[in-house]
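Asks: Below are the structure tokens for one structure; questions will follow.
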Amino acid sequence: MSVVGAILGGMEITARIAAFTDLVGSPPDAAPAVDWAAVEAWLEVPLPADYKALVSAYGPVEVGDGAAAIRLHTPCVSADGRYDYGAWVVETHRHSAIRPGMFTRQRRRFLPEEGGLLALATTAGGDHLFWDTSVSKDPDAWPVVLLTTSIAVGEAEPWVSYEAPLLDVLSAAVRGSAAARDGAAVRTWAPLTGAGPWTPPPRGTYVDARQHAALTEGEGLAAVTALIPPPLAPHLGEGTWEQVFARLGTRLPTDFMALTERYGAGNWSWWLDMPAPLDLDGRFGLAADAEEMLEGYRDLREAHPEYYPMPAWPEPGGFLPFASTIDGDVIGWCAEGEPDEWRAAVHPRHCDQGPPLPGNFTETLLAWLRGDGPATAGFPGLRADQDPLEYMFFEPFGPRGTG
């Protein structure tokens with residue numbers, strides 16, 4: 001680009017950012033400094049000028065309202081260390097290559113593969129936004145592409161191209177919204193409040209090395225979170241654990257509470273649906289789910305006790321369900337002894353019920369994510385030649401009815 005072209009391009013970006021500011025208001029907080037040359041060197045592609053100008057001015061903000069609100073994931077590190085830009089890009093590309101498989105045979109490429117998609121944001125409803133770098137060598141011509149799984153299988157494609165650059169997409173998300181009318185169209189995204197600058201790792205360093213190590217190293221929740229990073233803003237619900245205990249008539253295992261506080265409602269690898277642990281009002285919360293599944297199990301056991309050897313909670317050693325699968329299986333505990341002694345148990349839909357599993361739920365989940373079949377009888381297994389990181393992921397759910 002000529003010097004004159006660069007000057008004119010800079011003037012255009014300045015005018016577009018000014019128009020965006022007129023629409024949404026001034027930046028809510030100081031933005032973390034970004035070394036754009038270092039970021040682009042690490043990504044091995046230049047970035048769109050509107051994105052760099054926007055992020056330099058606004059930082060990691062949430063734009064719009066409701067489930068469609070867009071959360072910019074910028075080159076920074078969160079104050080609590082849970083978000084690292086490089087790790088987020090790598091993990092988002094990994095699980096976004098897996099997630100659409102239930103909905104389409106179309107396979108999309110991701111950077112660093114040439115012409116691949118590059119992650120840039122999420123929505124409050126759990127969708128992901130990317131640039132399509134295959135369109136042009138000029139990053140300012142990259143359109144934004146949306147990946148959504150809030151669709152019915154076989155009825156729609158999960159990939160949606162907006163055929164517009166980022167600033168246009170953000171502006172469209174704000175115009176006419178309730179947030180814009182209330183003067184709250186842009187705000188710093190809460191998990192990244194107080195974030196600091198991000199430094200790219202040295203060449204030859206893999207940002208997902210900890211994730212690969214967790215396939216064989218570590219235990220408990222620490223190993224699960226290293227293997228499958230939890231969402232920054234999990235949907236838990238508005239209640240308290242004490243209210244859940246009162247509904248169910250018992251306290252729950254501490255490993256389960258710690259796990260669900262980190263991940264919230266969501267789906268593990270298109271198989272295991274986890275309810276919102278503290279949602280007391282909706283039928284998709286933990287308490288309501290457990291009550292409904294327990295009633296169903298109790299009816300089945302009364303009708304066919306030979307197929308359901310485990311008694312139903314609150315009988316001693318009873319089955320207390322808490323999650324379900326897309327195959328109609330029910331996952332719960334053998335509630336024998338104190339809650340922290342409870343072992344995970346499965347009420348399978350298509351075969352007879354077996355004995356409780358050897359570990360608690362977090363131990364069972366970790367074994368399954370690692371592809372350890374014997375410890376997770378009743379869970380779908382992987383072949384010995386299959387890499388768990390090509391199949392396992394967690395997709396968070398927002399409040400039902402909002403995305």
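Asks: Add -39500 (n - 2.57) for each DSSP H run of 4 or more in the chain, then divide by its residues: what number comes out at 222 nm, to the nearest 500 deg cm²/dmol?
Replies: Rounded to the nearest 500, the figure is -9000 deg cm²/dmol.
Asks: Hey, what did the range 210-396 get for relative contact order, percent, Cα under 8 Å, at least 6 apart?
Replies: 20 percent.
Asks: Whole-Hz ³J(HN,Hα) for each residue in the range 292-306, computed from phi via Karplus 6.51 cos²θ - 1.76 cosθ + 1.60 with θ = phi - 60°, x for glycine and proline: what do you get?
Replies: 5, 5, 5, 4, x, 5, 4, 5, 5, 5, 5, 7, 9, x, 5
Asks: Let me ask something additional. Given H placed 1.01 Å from N in the peptide plane, which residues other than close sequence neighbours of Leu280 have an amide H under 5 Å from its amide H?
Replies: Glu238, Gly239
Asks: Give, in whole angstrom and from largest to smallest, the semi-axes √(5λ) of the equivalent ellipsoid of the range 3-201, with λ running over the eigenvalues of the Cα gyration tensor.
Replies: 24, 21, 18
Asks: Which whole number in µm²/s is D for the chain by Stokes-Einstein, with the Kirkwood Rh taken over Cα pairs at 4 °C and 1.567 mPa s?
Replies: Once the numbers are plugged in, D ends up at 56 µm²/s.
Asks: What does the charge count around Gln386 come to, taking other residues whose C-beta lies under 14 Å from its C-beta (Lys +1, Arg +1, Asp -1, Glu -1)?
Replies: -2
Asks: What ranking do 105-111, 339-345 get when scored by the average of other Cβ atoms within 10 Å per residue, highest first?
Replies: 339-345, 105-111
Asks: What net charge do the residues around Phe20 carry, taking every other residue with its C-beta under 14 Å from that of Phe20, with Lys and Arg at +1 and Asp and Glu at -1?
Replies: -1
Asks: Something else about it: How large is the charge dipole for the range 51-192, taken about the Cα centre, if only the Cβ atoms of Lys, Arg (+1) and Asp, Glu (-1) carry charge, to the nearest 20 debye?
Replies: For this selection, approximately 160 debye.
Asks: Given Cα pairs under 8 Å that are at least 6 residues apart, what percent is the relative contact order of the chain?
Replies: Relative contact order, the chain: 14 percent.
Asks: Sticking with this structure for a sec: For the range 210-396, what are the per-bin percents of Cα-Cα distances with bins 5 Å wide, up to the bin holding the maximum?
Replies: With 5 Å bins starting at 0, P(r) equals 1, 8, 17, 22, 21, 16, 9, 4, 1, 0.
Asks: List the residues of the range 55-86 whose backbone N lies under 16 Å from a point placed 7 Å from the Cα of Arg210 along the Cα-to-Cβ direction.
Replies: Under cut-off, by backbone N: 76-86.
Asks: What distance in nm lies between label points placed 7 Å from Cα along the C-beta direction at Ala258 and Asp372?
Replies: The answer from the label model is 1.6 nm.
Asks: Excluding Gly328 itself, what net charge comes from residues whose Cβ is under 12 Å from its Cβ, given Lys and Arg +1 and Asp and Glu -1?
Replies: -2
Asks: Could you give the distance between the Cα centres of the range 105-155 and the range 277-329, to the whole Å?
Replies: Their Cα centres are 39 Å away from one another.
Asks: How high is the FRET efficiency from Asp140 to Arg349, r the C-beta distance, R0 56 Å, rounded to 0.05?
Replies: In this case the efficiency is close to 0.60.
Asks: Loop only by DSSP, 13 or fewer other Cβ within 10 Å of the Cβ. Give me the trypsin sites (Lys or Arg not before Pro) in the range 180-266 that pass, ordered by residue number.
Replies: Filter output for the range 180-266: Arg203.
Asks: If you take the beta carbon distance between Ser56 and Arg107 as r and set R0 to 45 Å, what does 1/(1 + (r/R0)^6) give as a FRET efficiency, to the nearest 0.05?
Replies: For R0 = 45 Å, the calculated efficiency reads 0.85.
None of the figures in this text is laboratory data; all of them are computed from the coordinates on show. Just so it is clear, the structure is predicted and the values come from calculations on it, not from any experiment. Because the Cβ atoms are built from the backbone with ideal geometry, glycine has one as well, and the counts that use them run over all protein chains shown.
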